[in-house]
Every structure is written in structure tokens, then in C-alpha cells.
Amino acid sequence: MALVARKLVTIIAEGFLEERLVREIKRLGAKGYTITEARGEGSRGVRASEWEGGNIRLETIVSPEVAEKILAHLAEIYFPNYAVIAYVETVEVVRGDKYT
Amino acid sequence: MALVARKLVTIIAEGFLEERLVREIKRLGAKGYTITEARGEGSRGVRASEWEGGNIRLETIVSPEVAEKILAHLAEIYFPNYAVIAYVETVEVVRGDKYT
Amino acid sequence: MALVARKLVTIIAEGFLEERLVREIKRLGAKGYTITEARGEGSRGVRASEWEGGNIRLETIVSPEVAEKILAHLAEIYFPNYAVIAYVETVEVVRGDKYT
Amino acid sequence: METLELLRANLLSPAVLAFALGMVATLVRSDLRIPEALYTSLSIYLLLAIGLKGGAALAATPWSELWKPALATLALGVSTPLLSYAVLRRLGRMDVVNAAALAAHYGSVSAVTFIAANTLMQSLRQSVEGYLPTLVAILEVPAIVIALLIARRNLKGGPMGEAIREILTGRSVLLLVGGSLIGFLSGPEGLKKVAAAFVDPFQGVLVLFLLELGMVAAKRLRDLRTTGAFLIGFGLGMPVVQGALGVWLGSLAGMSVGGATVLGAMAASASYIAAPAAVRIALPQANPSYYLTASLGITFPFNLTLGIPLYFAFSRFLHGGM
Amino acid sequence: METLELLRANLLSPAVLAFALGMVATLVRSDLRIPEALYTSLSIYLLLAIGLKGGAALAATPWSELWKPALATLALGVSTPLLSYAVLRRLGRMDVVNAAALAAHYGSVSAVTFIAANTLMQSLRQSVEGYLPTLVAILEVPAIVIALLIARRNLKGGPMGEAIREILTGRSVLLLVGGSLIGFLSGPEGLKKVAAAFVDPFQGVLVLFLLELGMVAAKRLRDLRTTGAFLIGFGLGMPVVQGALGVWLGSLAGMSVGGATVLGAMAASASYIAAPAAVRIALPQANPSYYLTASLGITFPFNLTLGIPLYFAFSRFLHGGM
Amino acid sequence: METLELLRANLLSPAVLAFALGMVATLVRSDLRIPEALYTSLSIYLLLAIGLKGGAALAATPWSELWKPALATLALGVSTPLLSYAVLRRLGRMDVVNAAALAAHYGSVSAVTFIAANTLMQSLRQSVEGYLPTLVAILEVPAIVIALLIARRNLKGGPMGEAIREILTGRSVLLLVGGSLIGFLSGPEGLKKVAAAFVDPFQGVLVLFLLELGMVAAKRLRDLRTTGAFLIGFGLGMPVVQGALGVWLGSLAGMSVGGATVLGAMAASASYIAAPAAVRIALPQANPSYYLTASLGITFPFNLTLGIPLYFAFSRFLHGGM
Ligand SMILES: Nc1ncnc2c1ncn2[C@@H]1O[C@H](COP(=O)(O)O)[C@@H](O)[C@H]1O
Ligand SMILES: Nc1ncnc2c1ncn2[C@@H]1O[C@H](COP(=O)(O)O)[C@@H](O)[C@H]1O
Ligand SMILES: Nc1ncnc2c1ncn2[C@@H]1O[C@H](COP(=O)(O)O)[C@@H](O)[C@H]1O
Ligand code: NA
Ligand code: NA
Ligand code: NA
């Protein structure tokens, strides 16, 4: 079983951003993504989404370069005004070429 | 993009513990958390929560010290009597000060 | 707090495979698992499950050997024909014997 | 109507058959799943609807008619958990924690059993007292508190205060009492406005709910092997004893044939919404396999199929009928 | 009523308009989302309600009246998948797996098309036979099994036994058959008790369901480019052929104008609940874009808007009307 | 009926009491949770039902009767956000972004307040114009667009075009307008078919919805401390001013006592479905604590309990009654 290292980027964001985020991570090079419904609390206190139906938790497995680009994009566009956080970790996958 | 390492603590627990767990991890120093609905099976077999509506999967990004405290607290109070498990990993985040 | 390293295997798969996957990872040595409902997109484009009710995201904490076996099994049986992906990472747990 | 005929009428009602269908679905491992949101929505609906109807009826009930049955219910709420506890400790040689946990369940009341008893009375054209939902609210809480106190006296358990707060603010008490207040305050006029949603489709909604309960109960049955023969006997025998007690006290308090039957079914039933939640918090050491399997896997199906017709037969007998 | 007038009546019914609204919602990228729990709940409700009504009607149907239509339905269940398969292989030059997968879908039946046909008959005041839901249950299964057997003969597929178990215990068969049994056993008396939930609001619930189906169908249409012109032709032509066959066999079997129309609509319809689930397990290599797009994106909207009125016109013609 | 008596009738209606029960549930920290899927389903149902009923009524309304009230509504949609903005900037000394965000909310309309006003009129046996739901659709959009334009003139905000598309294709406009079209095209005949689902149980469904709204509103109240006294005054005073304006314009346009009351309630209400969604996209810098707390925590409960009876009293006064 040959395993290859890839980056797993997890984004937690207000639900109504879903469509936009998906469009943008695809543009930045993500080949797929997985979303689960979530809820939470952070530094920003109350948010519209509390009423609008919660957060999403979006995961995407990408190459290190794409991971870097996604984070930079989020930091520029979303972190200032929206309730969005993101983190990266290294995971091992079979068939590494599927994700790049 | 300056990334900083933080600890991601994931707790899987019976749903009715949600309110209590959130209160306690905040007290121990967590600045935020994200919850998704989950279900599962472990060593404990059948549980009240199976009927009461499943598990929760609680994630919180914290400093290593807070992670340590949360795990110690869980091990003392919850592991003996409740269907609760937890694991820790290292993740990289933008804006590390948000989580400490 | 003595922490032990274990492998966390995450499988994302079409929902109707749930029962079968659970049976098989148990047979391969998993002692427990956690499932959340998910949705997503990958290389395979549209799938039956889109209509049938989404993906599942199955997590199981296991020993490195069992992780290896699960991945090999998935690669053989599921990757060719079903919309399934999987990745592994190392996590730290309290009470490592619970998972082996 | 002969008792056998009565039994047949009950077993072939849509509600009981839906319960059976749910059990079949689980046994043949069907992919049928009731979404959790639907299950929760149905239970909110049922509890609120019982409350509304009961409250509107209560507005028309003089206090003089109510106090005796209320007292009888309170007596049931105090005596049945003590009885259960004694039986479990003496005859079953069960440990304190699990005996107390089971006593909390069997002393309290199952709202769905209550509804099923009402439904049977209605299809037998037996009128029942309108204030019965109030009695459900009275019966729900005391037993759980008493059982937790017993456990507390014998050992250090979880946070007791929190458990009691949990019972009182729990969704079943809140919706029952809240619904009753809404019904009471807005009166029959108010009820009429919402009848097309909360009265007419009620029995049909119950069918859907019992489909789900059948699926859950069948899953419980798988645990029967591990829980042992004594628990099966307890789950079948205890409702008969408590049901008879309920019918008898109800009749003493001057209730009608139908009303005493429903009170009997309430006493015979074991809670599986309020009690598990409270026990899980106050007595986390107790084994859920015991209390959920007994209340949901054994006693509930028994009451639904055989128990309620039995209590009715007994009530008719006590009221001098056949 | 003129055929054109008939078409207008069908196209302007709330159900068809709700389907159109759902399509519009997807096309304008509205943020309207039908929660999955609601969608699942509605489908459980519709299947159970069809079963209940059909079962209660069956209780009043003599066997002598039933066997001919049942046989006609069985004949449809065997012949239509073979027909579809032949057309797809010969005319469409499609590979074995995908042809078999499509044959399974077009041989089986869509419960919602069945309901829509009933609804139109009702608003045209055409009475239909009460046992029709039983025919739906008869038509649902055989085609899928036959199509899987064809594929099996030609190549090694997934686990066949599991696929058949999946069909028989699948939620659509379980709820239809289970609901029919409940309706049959509890009879018209039982149905009356739950009518306020399962009969009266039925058409309104259908409106909500079709809103969702419209959204899903519109998403499917986006795949049309990749599936090619032949599949579009197949999705429009096959229902007409099978629908005519169904109307004709139904009329031969002595069914009424309305009943034969509904049987025609059933034959013309393509399954999108039972079949995809079974095919996904037994023939995982088949491409879902083909069978979902054809059945849900093309054939279902066609039947809903033009097909059913067409089958009705044909049925009237066969019965000697205009 | 005396104004006090009127108030009592409104406060003791099942809907208002359910709202209060929801607030209590949150305040006592009950474990009662309305599943999100149920909440979403209820809101889809309510919007579609309003549309259906309104559309069917519209089919019977001559254009000559409609144009004046439509114009009055448009005037409200343009003037109220400007008024709100001016008050917030001048009296409240609020920054541009938050003032514009609040103006969008208070200029637009809350569907539930609209329903509550209709419900009160109905129980007072005041007939209202059937075309009112059309006015809701007219009132919903312009205010949001105007408020966003104001903000845009003063600073660079988020993507404006996307925000407007979002409003027009948003689920509340889509379901209202779509439902109206369905009702209009299928006519009273079509409405009759779905009445058992969309008309009769409507008020009961509203009770469930208000239970949830009460829970949400109570959570909002916790933010009152941080939002300050001015916002409380604004949330109580603005609806009175706008409500009076609405009643007055409605009366001028020739509407009935009941119709003018409902238009007043519409003008007085603050949107909490369409507006927050649009503002979140176009003005992400605005603080949701302000606009959600004011519209949902203050103005909605005020209108529900005291406001609507007040607008009715004023409408009666304008129409020369007592
Ligand atoms: N420390 C944290 N750990 C996990 N999730 C977090 C954390 N902080 C924030 N979140 C999630 O990110 C969302 C937005 O956070 P914020 O922007 O801080 O309000 C919250 O609703 C949480 O779901
Ligand atoms: N090995 C495992 N991997 C993933 N999740 C687990 C594992 N063991 C237990 N869980 C989760 O933790 C919950 C409680 O487990 P337990 O206390 O072992 O019954 C289960 O319901 C699962 O959701
Ligand atoms: N790069 C990725 N990152 C995260 N999830 C993915 C990725 N690719 C695929 N998935 C998930 O795996 C499922 C099946 O993918 P596929 O087999 O590529 O169609 C998708 O529906 C997604 O939920
Ligand atoms: Na009891
Ligand atoms: Na067919
Ligand atoms: Na307004």
C-alpha cells in the first residue's frame, strides 16, 4: 500500500458562504471537497448564521501549493468580515494523483 | 502566509453532554468550538443516547497546555461512566493568537 | 496524562455503503467508529447517492496494522467502482488499549 | 363486546399494526429510516396536542371533580417506584443503582401508552375525562425524583439538583404543561382554530410515530439475551400489577370506566423520554441496556397489544360491567 | 372534454405547477432548499398513504376481479425490461451494463407518477379501481430482478443476492406492502380514523414533494449534454410505447377507462427510488448519469405533463369514447 | 369590542401563547429543540400557503381594485427605509453601515407578522382583501435594495449585484411569488384540492412556528445589554410610526378596516428572513447583533402582542368606527 502525503484543509464558515467558497476553492485548484453541517461559537459572538442555519465544515484534500493558496485567499477575503476559520494538517492517501 | 501550530482536540460524546462539555472546555481555556452531529459504536455497546438522539463530535483548536487540561479533565470525569472518547492532533492555523 | 499514538482512518463514501463498510472494518479489527452525514463532490461527478441522500464520513481510530488493512481493502474493493475516498493521520489518545 | 373481540379490535388498529410494521422493518434489516428530525417533530406535536386538548377540557372542569383523581395519581406516583424498587432488590437481587434507575422508569409514565389507551377508548366509544392529560403531567415527575433520592441515600451519584431541573424543564413536561396552559387560556374557542392541525390528524400522526417506535423497540429486543430472564418477567408482570392498582384507585376516585382504564395504562406504563434523560445525568453508572430494554422493548409492546385491553376489562369488571 | 382542454387542466394543476416552480428555483439558483429530512418524511408519508388506501379498498375487492389485472401487471413487469434492453442494445448500441441498468429503471414503476395519474383521474371525476396500489407493488420488483439477471448472464457484477434482498426489504416495497396490509387488516373503519392525516391532505403533500422533485430534475437536466441525443429520444419515446402497452393490457383485463390510464402511466414510468438503490449495489459499474438523468430528468417530467393526458386519451379511445 | 377586550383576545390566542411558551423554554433552559429541518419545513409551508391563497384570491380581483393599494405599498417600501435611516443617523448617531442594515430590515416585511395580523382579523370576523399576499411580495424587495444603495453611495461594501440577485431569488420571494402564481393559474378550483393541507391546518402550523420563534427571540433578548437603550426605543417606536403610516395609506387607497390594519402591520414589521440574508452578503461589516436583536427580539414580539391590536384600533378610528 503506497501512501502519499497530501494537505487536508478544513474550513469552518457560515452556511450561506457555501456556494461561494466551493466555487473559489475549485478555482484555486481543489479537485473535490466534503461538507458536513456544523454549529459553533468563536470570538465573534452572535452571527446572522445563527438564525440562518448554522455553519458548514468543508474539507478538501489538496497539494501543499493549493493549500497555501486557499489559506491566503481566505485570510484576505473572509477572515476580516465573516465568521470563518481554517486549519491545515498532513494526511496520507492512496492514489495521490487524484488530488492534484 | 505565516502558519502557527496549534492543537486540535476532538471529543466524541453522547449528545446530552453538549451543554456541560461546552461550559467546561470554555472554563479550561478554549476560545471557540465547532460541533457536528454524529453517531457511532464503541466498546460500551448500547447507550441511552442511541434513543436520545446520537453523539456529538466537538472540535476545539487550543494551545498545547489547554489541550492537556481538557484531556485530563475528560479522563477524570467522563471516561469512567459516559460514552466519551477524545483525541488530539497538531494542526496549522493562520492567526494563532485567535486560539489562545 | 500519558498519550499514545494511534491511526485515525477517515473514509468518505456514498451513504448506502454504510452498513457494509461498518461490517467490514469491524472484521478487519476496528473496535469502534463514528459517522457524520456529509455531502461532496469529487472526480466522479454525479452519483446515485446524490439522489439517495448524500455521503457519510466514517472515522475509526485503530492500530497502524489495522489502518493498513482497511486501506488495502478499500483500494481493492471500493475505489474502482464506488465514490469512496480515504485518508489516514496520526492522532494521540488517552487509554490506547481501547482501540486495539 | 367480548374481551377477545376487544383484543382483536385493538390488535388490528392502524396504530398497533404500524408498530408491528416497524418491528418487521428492523427484523428484515430494511433500509427504511425515520429521519431523526421527523421523530423529534412528531413527539413535539403529540405532546403539544395532548396538552392543548387537555387544557381546553380542563377549562370546563370544576375543581371539585378534579381533586380526587389528582390525589389518586399522586398516590400512584409515590407508591409505584417504591414497589418496583422493592421487587427489583428483593426478588431480582439487583444492585441499588440499577434498581433505582428502573424504578424511576416504571414509576413515571409513557405519553404514547397514554395516547394509545385514549385511542382505544375512543374507538370503543367509551368517553373519558377531559382532564386526563393533567394527570399525565402530575404522574410524570414524582417517581423519577423519588427513585433518584433512593439511589442518593445509598451512594454518591451524579449531580442531583441538575437532574431534577432537567426533569422539570425537560421537553416532555414543558410541552405537556405549556400546551395545557395554552389550551386552558385560549379555551375551546382557541382549540377550534387549531383543531385541523392538532385534533383531526392526531391518530394518523400517531401511526407514523409508532412505526418509528416499532423500529426502536425491535432493536432493543436484540439486547434481551444479555439482560436475563428476570427482567423479562419484571417487564411483563409489573405493568399488570401497577395497571390494576391504577384502575382500582381511579375507580375509587370516581372516574368512569374509560377514565380508570387510561389511568391504569398510565400507571402500568414505563417512561422512555423523561426518565432516561434524568437517569443518564443523575445515575450515569446505571446500565441503559436494562432500563431501555425493559421499558421500550418489553413493557411498551405489552401494554400496546395486551395490557390496555386487559386494564379495560378489569375496569369494566370493577364498574360492575362484564 | 377535449384533449387540449384536458392537457390544460393537467398543466395548470397545483402539482404540476409546483414541479415547474421547483425547476425554476434550481435554474435561477435560488437558496431554497428542501431539508433532506422533509423530503424523506414526505416520501414515507406518500408511500404509506397509498398503501393504506389501497389496502382498505382491497379488503372490499373480490379475488375474481383482481386476478386479471394482476396478471396483466405481471406481464408488463416481465416484458417492458426486456423491451427496453433490446432497444438500448440494438438501436442505442449501449454496453450491457448500462443497458441493463436502464432496463431495470424503465421496467419498474415510479410511485409519484402513479399518484399524479390518480390525481388527474380524480379531478376529471374518472373513478379508478381501488386495488391499483396492489398493482404498483406487483410491478415494482420483477423488472429490476430480470434486468440484473440479464447483466449477470453477461458479466460478473456485484453481489446479486444482496441486491434482491435490498429490493424486497427496500423502503418503497416495505411501506407499500406494509401500508396495504395495515389498510387491509384494519379495513375501511381503520382508514377512517387516520383519514384526516393520510387521505384529506394527500394532494397538498404531493405539491410539496413535487416542488422538491422539480429541483432535483432540473439539476439532472444539466447532465443532458453529456448523455447524448439517443438517451433523450429513449426517455421520450419509451414511455409512450410502454404506456400504450399498459393501457391496452389494462383494458383487455377489464379495467375501467381511469384504471387502464393509471396502469398505462405505471408502465410508462421509470423508477427512481427502488431501482437506483438496487442497481448501485448490483451493477456499480453502471453510470448513474445515464439512468438518473433519463428517468428523473426526462421521463418523469414528460409523463407528468404530457404523458398521462395522452394515456388517458388512448384509454378513452380503446374504451370506445372520444 | 373594546380595545382592552381586543388586546385580551389577541394575547390569549394559541399563536401568541405558543410564542410565550417558546420564550419560557429558552429562559428556563429547557432541552426542547425544534429540529432545524422542521423549522425550515414550516417556513416553506407558511410562505407557499400564503402565496397559494393569495394567488387564488387574486384570480378573482379586478385590476381596478388592486392598483391603488399596490401603489400605497410601493410608497411604503420606498419611504420607510429612508425614514428609518434618517432616524438612526440623526437621532441615534449610528454609523452608515449599521444604519443602512437596520433600514433594510425595517423597510421590508415580516411574513409571520403578516400572518398574525390576518389571524387576528379572522378571529375578529373582519374580512380582509384577498390580494394582500401580493402586497407582501411588493413590499419585501424595494426597501432592501434602497438601503443597500444608500450604504453603497457612502462606502465600498460587498458585491451589490449578488445581493440583489439573492433577494430576488431568495426563498421567501420565490415561494411567495411562485405560490401566488400557482394559486392564480390553478384558481379556486385548484386551491380546493390542496385546502386540507394548505388552508385548514394553517393556524395550527403557525402555533408550532411561533413556538420556535419564541425560543429564538428569547435568545436575542440576551443581547439587549450590548445593544443599548436607543435601539430598544427604536424597536418599539419605529413600528408605531410606520404602522400608523401603513394604516393611513391603506385607508386612503380604499382598503377595508381589516385590510388597512394588515397593511399597517406589514409596514410596522421588520424582516428577519430576506433582509438578514441580503445584508450579510452586501454589508458583511454590519453587526448582526443590532439588526437581529431589534427586528426579532424587540419589534416582532411588540407587533405580535400590542402592535397589531393598536393598528386595528387606529384603522377603526380612521374608518369612522370607535
Ligand atoms: N477555537 C476554535 N476551535 C474550533 N472551532 C472554532 C474555534 N473558533 C471558532 N471556531 C468556529 O469558527 C466559527 C467562526 O468563528 P469566529 O469567526 O471566531 O466567530 C465558529 O462558529 C466556530 O464554529
Ligand atoms: N475506535 C473508535 N474510533 C472512532 N470512534 C470511536 C471509537 N470508539 C468509540 N468511538 C466513538 O465514541 C463513542 C463512545 O464510545 P464508547 O465509550 O467506547 O462506547 C462511540 O459511540 C463512537 O462514536
Ligand atoms: N479532494 C477531495 N477532498 C475532500 N473530499 C473529497 C475529495 N475528492 C472527493 N472527495 C469526497 O469523496 C466523495 C467521492 O469522491 P469521488 O469518488 O472522487 O467522486 C466526494 O463526494 C467527496 O465527498
Ligand atoms: Na408507570
Ligand atoms: Na415502467
Ligand atoms: Na416594514
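The values are calculated or read from the model by the stated rules, or taken from the named source; none is laboratory data. The structure displayed is predicted, hence computed values, not measured ones. With ideal geometry, Cβ positions are generated from the backbone for all residues, glycine too; neighbour counts draw on all protein chains shown. Each accessible area value is taken on the protein alone, full model and side chains, heavy atoms only, with ligands, DNA and RNA left out. Shrake-Rupley method; radii C 1.70, N 1.55, O 1.52, S 1.80 Å.
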Worksheet item: Ranked from highest to lowest mean number of other Cβ atoms within 10 Å per residue, what is the order of the peptides C:20-30, E:175-185?
Response: E:175-185, C:20-30
Response to the item:
Sorting B:Ile56, E:Leu174, E:Val128 by the position of each Cα along the dipole of the protein assembly as shown (Lys, Arg +1; Asp, Glu -1; all at Cβ), the one nearest the positive end of that ordering is B:Ile56
Item to complete: Identify the residue of chain E whose Cβ lies closest to the rotation axis that maps chain E onto chain D, and give that distance in whole Å.
Response: E:Ala37, 2
Worksheet, complete the sentence: The alpha-carbon pair-distance distribution computed for the stretch D:172-322, with 10 angstrom bins and whole-percent values, is 10, 28, 35, 22, 4, 0
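Express the C-alpha Rg of the stretch F:91-165 as a ratio against the empirical globular expectation 2.2 N^0.38 Å, rounded to two decimals.
Ratio of Rg to 2.2 N^0.38 Å for the stretch F:91-165: 1.43.
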Fill in: Debye log10 I(q)/I(0) at q = 0.16 Å⁻¹ for the stretch C:4-98, Cα point scatterers
-0.63
Practice prompt. Every other copy gets compared here: list the nm distances from the F:Val78 label point (7 Å along Cα to Cβ) to its counterparts, shortest first, one decimal.
Written response: 7.4, 7.4
Worksheet item: Rounded to the nearest 10 Å², what accessible area does C:Met1 show when all protein chains are kept and the probe is 1.4 Å?
Response: 90
Discussion item. With +1 assigned to the C-beta of every Lys and Arg and -1 to the C-beta of every Asp and Glu, and no other charges, what is the dipole magnitude of the stretch B:4-98 about the Cα centre in debye, to the nearest 20?
Written reply: 280
Discussion item. What is the angle, in °, between the Cα long axis of helix B:18-27 and the longest principal axis of the Cα atoms in chain B? Nearest 10 is fine, range 0 to 90.
Written reply: 30
Discussion item. Using a 1.4 Å probe on the protein heavy atoms only, what accessible surface does D:Glu5 show? Give it in Å² to the nearest 10.
Written reply: 80
Discussion item. Please compute the alpha carbon radius of gyration of the stretch E:197-265, then divide it by the globular-protein estimate 2.2 N^0.38 Å. Two decimals is fine.
Written reply: 1.51
Worksheet item: Quick one: Kirkwood hydrodynamic radius for the stretch F:233-322, alpha-carbon pairs, angstrom, one decimal?
Response: 13.6
Discussion item. Treating only the Cβ of Lys, Arg, Asp and Glu as charged (+1, +1, -1, -1), what charge dipole size does chain D show about its Cα centre? Round to the nearest 20 debye.
Written reply: 660
Practice prompt. Return the subset of A:Lys98/C:Lys26; D:Lys192/F:Lys193; A:Lys7/C:Lys7; A:Lys7/C:Lys69; D:Lys193/F:Lys53 for which the Cα-Cα distance in this structure is over 25 Å, preserving the input order.
Written response: A:Lys98/C:Lys26
Discussion item. Counting only helical runs of four or more DSSP H residues, what would the 222 nm mean residue ellipticity of chain C come to if each run contributes -39,500 (n - 2.57) and the total is spread over all its residues?
Written reply: -8500 deg cm²/dmol
Worksheet item: So what are the stretch D:42-126's ellipsoid semi-axes, whole angstrom, largest first, if each one is the square root of 5 times an eigenvalue of the alpha-carbon gyration tensor?
Response: 31, 17, 12
Discussion item. Give me the inter-chain shielding for F:174-183: mean count of other chain Cβ atoms within 10 Å, whole number please.
Written reply: 5
Practice prompt. Compute the label-point distances linking F:Thr3 to its equivalents in the other copies; points lie 7 Å from Cα along Cα→Cβ; give nm, one decimal, shortest first.
Written response: 6.7, 6.7
Discussion item. Using only the Cα atoms of chain D, what semi-axes does the equivalent ellipsoid have when each is the square root of 5 times a gyration tensor eigenvalue? Give whole Å, largest first.
Written reply: 27, 23, 21
Worksheet, complete the sentence: In chain F, whole DSSP H helices that both stretch 30 Å or further along their axis by alpha carbon positions and average at least -0.5 on the Kyte-Doolittle scale are F:36-58, F:63-90, F:132-154, F:229-252
Discussion item. List, shortest first and in nm to one decimal, how far the label point of E:Leu306 (7 Å from Cα along Cα→Cβ) is from its counterparts in the other copies.
Written reply: 6.2, 6.2
Discussion item. Taking each residue in E:267-274, count the Cβ atoms of any other chain within 10 Å of its Cβ, then average. What number comes out?
Written reply: 1
Worksheet item: So what are the stretch B:1-46's ellipsoid semi-axes, whole angstrom, largest first, if each one is the square root of 5 times an eigenvalue of the alpha-carbon gyration tensor?
Response: 25, 15, 9
Worksheet entry | Mean Cα-pair separation over length for chain A, i.e. relative contact order, pairs under 8 Å, 6 or more apart, % | 52
Fill in: Span from the the stretch D:149-224 Cα centroid across to the the stretch C:81-100 one, whole angstrom
39
Discussion item. Below 8 Å between Cα atoms, with a sequence gap of 6+, how large is the relative contact order for chain D in percent?
Written reply: 32
Item to complete: Jot down the per residue volume, in cubic angstrom and as a whole number, of the convex hull over the alpha-carbon atoms of the protein assembly as shown.
Response: 174
Worksheet item: What is the distance in Å between the Cα centres of the stretch E:268-322 and the stretch F:23-78?
Response: 36
